[in-house]
Amino acid sequence: MFKSIKEKLILIKNNPENQTHVSIANYLLNCIENKKTPKINECSKESFCSESVITAFAKKYGYDGFKELAIRVKVETEYYDWSIAKNIKNKDSNSYRNLIDKSLDLLDSQNEKIQSLITSLKKSENIFAISSYQQLFNTELFISELNLLGYNAFFNYQRKLNETWINKVKENDTFIIVAFGLDNQYIINFYNLLKEKTNNIFIVCSPSQKHKFDKYQEIIIVDYYDRGTILESTRSSLIMYLFSSIVYKL
């Protein structure tokens with residue numbers, strides 16, 4: 001299971017064995033707190049060490065280099081700022097409802113893309129869905145409801161079975177990729193194989209995942225009107241709204 005970068009950095013900061021690593025961790029934690037994108041030259045100055053030492057630091061803790069580490073910090077800062085989320089209870093009682101309404105409006109503004117997916121589903125011989133771990137339940141429920149409507153729709157909890165789909169792709173098949181969260185390498189690997197076989201791919205993802213996909217029919221973004229609200233229950237509600245509206249229109 002993915003451990004947040006902030007958790008890792010706090011552990012490093014609290015381990016006095018390597019003061020250089022403590023300094024680097026402090027710099028990165030400061031970036032998180034102040035919503036800044038880490039820069040290796042700036043980190044080098046504030047930590048009093050060379051850039052090669054910072055690169056070695058990143059690799060020691062599981063990243064390919066400082067660039068990947070910086071991207072992870074940026075993404076986690078953007079989507080996991082719990083300090084703001086905790087303040088929801090202190091806001092006006094209607095504020096959360098307003099936030100949901102405005103977030104749903106963001107989804108509805110992509111009506112043409114959603115309608116394109118609906119049109120494709122109606123014409124499909126088979127429908128296949130691949131999901132990140134965070135949205136397995138929502139995706140499975142969506143596929144189950146398509147089955148109830150009489151569509152040949154498929155979803156596997158056992159991911160190793162998904163690769164057989166790639167070898168059986170037909171011209172009228174539709175693939176739906178649901179990508180949220182930080183640890184989606186399996187999804188990307190599958191997608192890179194799939195896009196060589198078909199163009200009929202629809203992506204449902206967060207803004208932070210969008211750059212990972214370069215070939216598709218449509219990409220539908222599920223985003224928050226207020227980025228400070230990052231509760232997983234909120235995200236799941238928005239995704240289920242999207243899936244339910246699609247089923248309703250079929």
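Throughout, read-outs are computed from the coordinates displayed, never taken from laboratory work. These numbers were taken from a predicted model, which means no experiment stands behind them. So basically every Cβ, Gly included, is an ideal-geometry build from the backbone, and we count neighbours across all protein chains shown.
Share of antiparallel DSSP beta bridges in the range 96-249, in percent to the nearest 5?
0
Give me the aspartates and glutamates in straight-line cross-link reach of Lys195: C-alpha distance below 14 Å, same-chain residues under 8 apart excluded.
Qualifying aspartates and glutamates at Cα under 14 Å: Glu163, Glu171, Asp173, Asp214, Glu218.
Distance from the Cα centre of the range 96-110 to that of the range 125-175, in angstrom?
27
Which entries of Lys59/Lys215; Lys36/Lys113; Lys35/Lys60; Lys6/Lys59 show an alpha-carbon separation above 22 angstrom in the structure shown?
Cα-Cα > 22 Å for Lys59/Lys215; Lys36/Lys113; Lys35/Lys60; rest within.
Cα axis of helix 51-60 to longest principal axis of the chain: angle in degrees, 0 to 90, nearest 10?
50
Residues of the range 199-217 with backbone nitrogen within less than 20 Å of a virtual label 7 Å along the Cα-to-Cβ line of Ser144, please, listed as ranges.
Correct set: none at all.
Within 10 Å, count the other beta carbons around each residue, average over each peptide in 146-152, 202-208, and list them highest first.
Listed from highest to lowest mean packing, they are 202-208, 146-152.
Based on the mean of other beta carbon atoms within 10 Å per residue, what is the order of 189-199, 135-145, most packed first?
Highest to lowest by the protection proxy: 135-145, 189-199.
Testing the spin-label approximation: label points 7 Å from Cα along Cα→Cβ at Thr164 and Glu17. State their distance in nm.
Those two pseudo-labels are separated by 4.7 nm.
Using only Cα atoms and rounding to the nearest 10 degrees, what angle (0 to 90) does helix 95-108 make with the longest principal axis of the chain?
Approximately 60 degrees, to the nearest ten.
Take every Cα pair under 8 Å in the range 85-224 that's 6+ residues apart, average their separations, divide by the length, and report that relative contact order as a whole percent.
26
Explain nothing, just the number: relative contact order of the chain, from Cα pairs under 8 Å at least 6 residues apart, as a whole percent.
Once divided by the residue count of the chain, the mean separation gives 19 percent.
Helix 232-249: angle to the longest alpha-carbon principal axis of the chain, degrees 0 to 90, nearest 10?
Between the helix axis and the principal axis of the chain, the angle is about 20 degrees.
Based on DSSP H runs of at least 4 residues, each adding -39500 (n - 2.57), what is the mean residue ellipticity at 222 nm of the chain after dividing by all its residues, to the nearest 500 deg cm²/dmol?
-16000 deg cm²/dmol
Using the Kirkwood radius built from alpha carbon pairs, what does the Stokes-Einstein equation give as D for the chain at 37 °C and 0.692 mPa s, in µm² per second?
163
Per the Kirkwood treatment, what hydrodynamic radius in Å, one decimal, follows for the range 5-80 from the mean inverse distance over all distinct Cα pairs?
Over the range 5-80, the inverse of the mean reciprocal pair distance is 12.0 Å.
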